[in-house]
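This report concerns only the one structure given below.
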Amino acid sequence: MNLHEFQAKALFRSSGIAVPQGELITGVEDAGVAWARLDGGTALIKAQVHSGGRGKAGGVVAVGSAREAEEAAGRLLGSRLVTAQSGPEGLPVDQLLMEPAAAIDREFYFGMLVDRARASIVMVVSAEGGMDIETLARERPQAVVTLPIHPATGVMPFHGRRVARIFGLQGEPARAAGQLVQDAHRLFRSADAQLLEINPLVLTADQELLALDAKLVIDDSAAYRQREIFGLRDARQRHEAEERAHGHDLNYIRLDGDIGCMVNGAGLAMATMDLIQHHGGQPANFLDVGGGTTVERVTAAFKLILSDASVRAVLVNIFGGIVRCDLIAEGIIAAIREVQVQVPVVVRLEGTNAEAGREALARSGLDIAAAADLDEAARAAVEAAA
C-alpha cells in the first residue's frame, strides 16, 4: 500500500526523522491561510498523488504570496496529474501539501527496501540526490551504494558512519546521518514497510539533515497488524477496477492489451502474459485469483476483466495444486452464465482433477475452447482476439 507524502512525513516525524513544517490543503480557500501560517516567503505546493515525477509534470509549484498560493491550489485541486509513472489517465489531485522552501546546501538520496535475494533489508544511498535513482544507477552505477543490514544484528554503528562517509559529512551532520539510519530502520521494521525513500535528503544552510520528500510503501500482507496505517488508504489513487479487485482479494492490474488473463499464481500469470506476447498478442491485465479460488472469486474476476471494453478474448490458465480444477470449471461456467460473456474464452486446466474439469466445460454447452497446454492456449487466445 502506498502512502501520500504528507502521511509518510507524519510517520517520519513520529519516528524522529526531521521533515519540514507542512500544511495540508484540501480547498482553494485554505491555501492563502496556510501560506501565512508558514510565515510567508517562498513556499512549495505539492500535489499529493501516488506517483513520482510530480515536479516534471507540473505537480510542484513555488509560490511567494497568498494570492499565488490560491491560484496554484485552484489549478491543481480537482485536476488529474499525468506523470511518467501514472499512465495517460493520470491521478486525481484532491490534496496538496505546502511547505516552506528550504535553504539547500547539498542533496542526497537515502532509501531502504527489502532485498529478497539477500533475505535482508538493504540501504541504498547516494551523494547525488534530487534525481531519478533508477536513471542514476543505470548511467553511473558507481554513484549508488547498497548496504545490507543483517537481520540478526539490525543496524550497527558502522552503518551510520558509512552513510556519513558516502555523503561526505563530518561533525554534527555525520552524527545526524547515523541517527537517521537508526530511526529509518526502526520505522521500516515497525511499519512492515517494503520501501522507504527520501529523495532528496538535504543538508540545509544551517547544517541540518532534512527529509524534503518522503515515500513509504507498506506490505499488504501486514494489513492485519497495521490497521491504523491501512486506514490511511486512498482508494481514489487506484484504478476503480483495481480497488474492486482488492475487495475480492484479487491481485489485478490493468494493462493496455486486448486479451484478458485469469490465472492462479503470480509466477504463472507472468509466464502466461509472456506467452501471449510471444505469439503476437497483448495482455489486457495481470490477474492472480490466488490459491484458494472460489466460484464467487472467479465470477468477480470475470466481471473485472470484462469491465475493460478493450478485451476481445479471455484466457483462463489454472494449475490445480491447492485448488481443484473441477471446482474451478464450475466457477468458470457459473461466471460465464452470470456475466453473459460475449467474447471468446480459452481455458487451460492442469493438475488436480483437471480431466473432470475439462469434461465439465465440455458438458456445459457454452462456447469455451479447451486447450491441452499453455502454449496452445496462448496461441488460441491470440487468434481469437485477432
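The values are calculated or read from the model by the stated rules, or taken from the named source; none is laboratory data. The model shown is predicted, which means the values in this text are computed figures rather than measured ones. For neighbour counting, all protein chains shown are included, and Cβ atoms are generated from backbone atoms with ideal geometry for every residue, glycine included. Heads up: the accessible areas ignore ligands, DNA and RNA and are worked out on the full protein's heavy atoms, side chains in. Shrake-Rupley method; radii C 1.70, N 1.55, O 1.52, S 1.80 Å.
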Restricting the search to region 364-386, which residues are on the phi < 0 side of the Ramachandran plot, open to solvent by 60 Å² or more (accessible area, probe 1.4 Å) and modelled with pLDDT under 90? ASP367, ALA370, ALA372, ASP373, ALA386
Counting only residues that are over 27 Å from the mean Cα position of the chain (by Cα) and among the charged types (D, E, K, R), which one in region 10-33 is least open to solvent (accessible area, probe 1.4 Å)? ASP30
Scanning region 50-66 residue by residue, the ones that are open to solvent by less than 40 Å² (accessible area, probe 1.4 Å) and in contact with a His (Cβ under 8 Å, 6 or more places away or on another chain) total 0
Across region 280-313, what is the total count of residues that are farther than 20 Å from GLN342 by Cα and modelled with pLDDT under 90? 7
Please go through region 336-353 and pick out each residue that is over 32 Å from the mean Cα position of the chain (by Cα) and either part of a strand (DSSP E or B) or buried (at least 20 other Cβ atoms within 10 Å of the Cβ) (or both). GLY351
Scanning region 189-207 residue by residue, the ones that are touching a Pro at 6+ places or on another chain (Cβ under 8 Å) and open to solvent by 40 Å² or more (accessible area, probe 1.4 Å) total 1
Any residue that is open to solvent by 30 Å² or more (accessible area, probe 1.4 Å) and in contact with a Cys (Cβ under 9 Å, 6 or more places away or on another chain) - is there at least one of those in region 317-335? yes
Looking at (1) touching a residue at least 40 places away in the same chain (Cβ under 8 Å); (2) open to solvent by 10 Å² or more (accessible area, probe 1.4 Å); (3) touching a Phe, Trp or Tyr at 6+ places or on another chain (Cβ under 7 Å), which is the only condition ARG254 fails? (3)
Looking only at region 208-246, count how many residues are open to solvent by 50 Å² or more (accessible area, probe 1.4 Å), in contact (Cβ under 8 Å) with a residue 40 or more places away in the chain, under 20 Å from HIS185 (Cα atoms) and not acidic (Asp, Glu). 1
Looking at the structure I just gave you, is ILE166 at pLDDT 95 or above, open to solvent by less than 70 Å² (accessible area, probe 1.4 Å) and either within 19 Å of PHE12 (Cβ to Cβ) or touching a Leu at 6+ places or on another chain (Cβ under 6 Å) (or both)? no
Are any of the residues in region 81-92 under 23 Å from the mean Cα position of the chain (by Cα), among the acidic types (Asp, Glu) and either at pLDDT below 95 or open to solvent by 50 Å² or more (accessible area, probe 1.4 Å) (or both)? yes
